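What follows is a short report on a single structure.
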Amino acid sequence: MSLAVRLQGISKRFGAVRALESVDLDVEAGTLHALVGENGAGKTTLMRVLYGAIQPDAGSIEVEGRARRFRNSREAIEAGIGMVSQHYSILPQLTCLQNLMLGAEPGAWIGERAAVARAEELAARMGFRFDWHADASTLSPAGAQKLEILKLLWRRARILILDEPTAMLSPADSDALFESLAQLRRDGATVILVTHRLPEVMDHAERVTVLRGGRRVASMPVAETDARGLAELIVGHALERASAEPPGNLGEELLCVRGLVVAGYRGDDAVRGADLAVRAGEIVGIAGVDGSGQRELFQAVLGVARAKGGAVRLFGEDASKWPPSRRLEAGLRLIPEDRHEEGVIDEWPLLENAALGLQRVPPLRRGGGLDPSVQREVAEKAARAFDTKHGGLRLPMA
């Protein structure tokens, strides 16, 4: 079978961080090729090199048998490559039709009626339905992703890169996505799937490539491995069997939520009468498809969203009327679902982001500002604790 993509010896560094070290990747035309690895393994960086968004320090790129050197993503798009990133490029204030055409303006002029007709043709081919004149802000995560895929088809992409496409989808929406990808492949497209979900790899991919620490450690047909074998390749050691023993004695109750009611952004109640208790040493999972109230629940617990009813107790005290700053001082933290929009400022360095939201919380606070030495200590400690790869505390996050 012919190759849609061949990457050879791709290397990339960001400051002192080695993101990719002489990585090779062959992707056969018409297949679904999975790319797996831990966070920071280099998966997204490698795909951004292929997409022209990042320039490699070394290595070569071939697309459909032709040597390429993309200076930017537009050149990659013109070569038939499209990418749906983890963070969608949909602009909520524009209509679905405007988002579909955004970035594809150069070329022959097309009227609205003809644009809608072509959009309907593409959507019907994939089994999608859209109100083209509705604002994109009305789309669900699954709807936004479908629109992103249609944007690639609008640009006549033949090689589709999907970076963690099911991260925010329900199981039903994930199944529908893979049905759509199967249709694309029947039409001749090639799909590169970046994912952490090994069952997806086993169920839908023909081949899989494993990255670890910026290096390719394996590439094989999926039929020649299993999920456990892939997991061991990803982490670099044999996996221990999970213990069936129940956890030991748990500590005191740290968080207690009783009868919490929180309004959604449409005015209806996103959370109705929620009860939740978390004890020291305990991990509590909250399950539900996207949009089931998890976001509003966590925002109300932190105090950034006002609860209409119910109570929140933190560390044995009634915190229902505490502002977010006091809850932070008490030791509560929230990692939001959209880290880039709500968790960090990409243009700021790690040093500043580590203190973001904690400016008034001891020991960072000193007088009317931050204690620089403590700020650096906090950032370094966080980087070590979470094994964060970075080129320097003062380099931008992006």
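Computed values, structure above
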| read-out | value |
| --- | --- |
| Selected residue (only one of ALA114, ALA134, ALA157, ALA124 is of a type outside the set (S, T, N, Q) and buried (at least 20 other Cβ atoms within 10 Å of the Cβ)) | ALA157 |
| Top-ranked residue in the range 71-86 [being surrounded by 14 or more Cβ atoms within 10 Å (Cβ to Cβ) and part of a loop (DSSP other than H, G, I, E, B); ranked as modelled with the lowest pLDDT] | GLN86 |
| Long-range neighbours under 6 Å by Cβ, at least six apart or interchain, first residue closer than 23 Å to LEU46 by Cα within the range 180-192, second part of a helix (DSSP H, G or I) | VAL191/LEU181 |
| Among (1) of a type outside the set (Phe, Trp, Tyr); (2) without any contact (Cβ under 8 Å) to a residue 60 or more places away in the chain; (3) assigned to a loop (DSSP other than H, G, I, E, B); (4) within 18 Å of ALA157 (Cα to Cα), the one test that ILE54 misses | (4) |
| Output for the range 167-189, where each listed residue is in a loop (DSSP other than H, G, I, E, B) and modelled with pLDDT under 85 | ALA167, MET168, LEU169, SER170 |
| From LEU91, LEU97, residue being over 24 Å from THR190 (Cβ atoms), assigned to a loop (DSSP other than H, G, I, E, B), at pLDDT 90 or above and among the aliphatic types (A, V, I, L, M) | LEU91 |
| Among residues of the range 194-218, those that are in a strand (DSSP E or B), surrounded by 19 or more Cβ atoms within 10 Å (Cβ to Cβ) and of a type outside the set (D, E, K, R), counted | 5 |
| The range 324-339, subset assigned to a loop (DSSP other than H, G, I, E, B) and surrounded by 13 or more Cβ atoms within 10 Å (Cβ to Cβ), residue farthest from the chain's Cα centre (by Cα) | LEU332 |
| Checklist (1) surrounded by 18 or more Cβ atoms within 10 Å (Cβ to Cβ); (2) closer than 29 Å to ALA144 by Cβ applied to VAL23, failing item | (2) |
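Residue by residue, here is whether (1) modelled with pLDDT under 95; (2) within 30 Å of ARG365 (Cβ to Cβ) holds:
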site: LEU255; (1), (2): no, yes
site: VAL271; (1), (2): yes, no
site: GLY288; (1), (2): yes, no
site: GLU296; (1), (2): yes, yes
site: GLN299; (1), (2): yes, yes
site: SER325; (1), (2): yes, yes
site: GLU329; (1), (2): yes, yes
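The values are calculated or read from the model by the stated rules, or taken from the named source; none is laboratory data. Please read all numbers here as calculations on a predicted model, not as lab measurements. Cβ sites come from the backbone with ideal geometry, for glycine too, and all protein chains shown count toward neighbours.
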